[in-house]
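First comes the structure, then the notes that go with it.
The values are calculated or read from the model by the stated rules, or taken from the named source; none is laboratory data. Keep in mind that this is a model prediction, so the values were computed, not measured. Here Cβ is always computed from backbone atoms with ideal geometry, including for glycine, and neighbour counts include all displayed protein chains. Note: accessible area is taken over every heavy atom of the protein model, side chains too, but ligands, DNA and RNA are not part of it. Shrake-Rupley method; radii C 1.70, N 1.55, O 1.52, S 1.80 Å.
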Amino acid sequence: MTSIKVEEVIAKARVLLEALPYIQDFRGSTFVVKYGGSFMDDPDPTARTRVAADIAFLAAVGINVVVVHGGGKAISKAMDASGLKANFVNGLRVTDEATIAIVKKTLDEIVNKEVCDTLASVKARPKGLPGDSVLVCQKLGVDDDGNPVDLGYVGDPTEVKVKLIKKEIAEGFMPVISPVAEGYDGKPYNINADTAAGRVASALRARRLVYMSDVPGLLSDPKDPSTLISTLKVGDVDGLKKKGVIDKGMRPKVASAVRALQEGVQRVHFIDGRMPHSLLLEIFTDKGVGTEIVHG
């Protein structure tokens, strides 16, 4: 074996050893992963398979992983095919009776199945759970800024049926949950996937909540990836909102993250799902690659 190959092998061993204390520490704990971003809709399945393999790795080293997925683009595509026009208010989809039927069918029967199939292809053991089997909600009455809104069948989760999720985990499965909830009227409601992931993580007292998206994390200058904020304290959030650093697109994510931390989640991470192995690099290395939000 040449010296170059020996050095490559030793470098790989160093990476494994760097991960070891994290693996030992996290074994048996619960992570919630919000699975979303443009990689979900890429015709090339490579990125989806790579992300699924990273999630499968977490499970393989003894972490209880719960996945909450998005699916906004798939819903818009299904609405177009049905002749319905998508309408958004401050980033939230206006959801009438015809729309919620398409939302539920698309998320539960198409997107959830695709996510589960991809996870199964890398030897994970996913179990698809329609969101309204484990989430209960009230009708959303105000937006992130506290202004009254009426978006139709759009809900704010109030209850997570933790026992049902834990039962699947205890039986060796990886729950994969769609962002739909059952309203107090017994009807399905559309839920923001970031909010759903945050509430699930809070209810499970998850050790980590990871949001996958299309940006490296939180940036001081949204146009400059080199301005990544590696660690953000909860106490600094309001100031960054006032400066416009946390803008409309990031507000629901950050609001969900702060609430999750206040309700018992230890740390929250924002990572770029398009970056190869961003999930593993964020969780199992000393420096990480995204933004972590912590108490303080």
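Annotations
- Note on segment 121-183 and segment 186-265: Cα centroid distance 17 Å, given to the nearest whole angstrom.
- Positive dipole terminus of the chain, leading residue within VAL122, PRO179, SER256 (C-beta point charges): VAL122
- Heavy-atom accessible surface of segment 76-121: percent carbon and sulfur, 1.4 Å: 55
- For segment 143-296, the share of accessible area belonging to carbon and sulfur comes to 50 percent (1.4 Å probe, ligands and nucleic acids excluded).
- Residue-normalised accessible area of the chain, expressed per residue, 1.4 Å probe, Å²: 48
- Between CYS137 and THR158, GLU182, GLY183, TYR184, the built amide H atoms are under 5 Å apart, and every one of these is 5 or more places off in sequence or on another chain.
- The modelled label-to-label distance between LYS248 and ASP150, using points 7 Å beyond Cα along the C-beta direction, is 2.2 nm.
- All C-alpha to C-alpha distances of the chain, sorted into 10 Å bins beginning at zero, yield P(r) values of 6, 28, 36, 22, 6, 2, 0 percent in whole numbers.
- About its Cα centre, the dipole of segment 6-113 is roughly 200 debye, where the only charges are +1 on Lys and Arg Cβ and -1 on Asp and Glu Cβ.
- Across segment 40-92, the convex hull enclosing all Cα atoms gives 102 Å³ per residue.
- For segment 74-191, average projected area of the Cα convex hull in nm²: 8.0
- Of VAL65, VAL215, VAL149, the one that fluctuates the most in a GNM where the chain has Cα springs shorter than 10 Å: VAL149
- Global form of segment 1-75, assessed from the alpha-carbon gyration tensor, a/c cut-off 1.5: oblate
- Near THR30, once Lys and Arg are set to +1 and Asp and Glu to -1 for all other residues with Cβ below 10 Å from its Cβ, the sum equals +4.
- Cα gyration tensor category, rounded, prolate or oblate, for segment 144-296 with a/c compared to 1.5: oblate
- Counting Lys and Arg as +1 and Asp and Glu as -1 over every other residue whose Cβ lies under 9 Å from the Cβ of ASP214, the net charge comes to 0.
- Label-to-label distance, ASP236 versus GLU18, with points set 7 angstrom from Cα along the beta-carbon direction: 2.2 nm.
- Modelled FRET efficiency - R0 22 Å, VAL89 with LYS223, Cβ distances, 0.05 increments: 0.30
- Column: log10 I(q)/I(0), Debye, Cα scatterers of segment 227-296, q = 0.15 Å⁻¹: -0.49
- Using a cut-off of 25 Å between Cα atoms, the listed pairs LYS163/LYS233; LYS12/LYS166; LYS139/LYS161; LYS105/LYS161 include LYS163/LYS233; LYS12/LYS166 as exceeding that distance.
- Dipole magnitude of the chain about its Cα centre (Cβ charges: Lys, Arg +1; Asp, Glu -1), debye to nearest 20: 580
- Neighbourhood net charge (12 Å Cβ-Cβ; Lys/Arg +1, Asp/Glu -1) for ARG93: +1
- Note on THR49 and GLU109: the model spin-label points, each 7 Å out from Cα along the C-beta direction, lie 2.8 nm apart.
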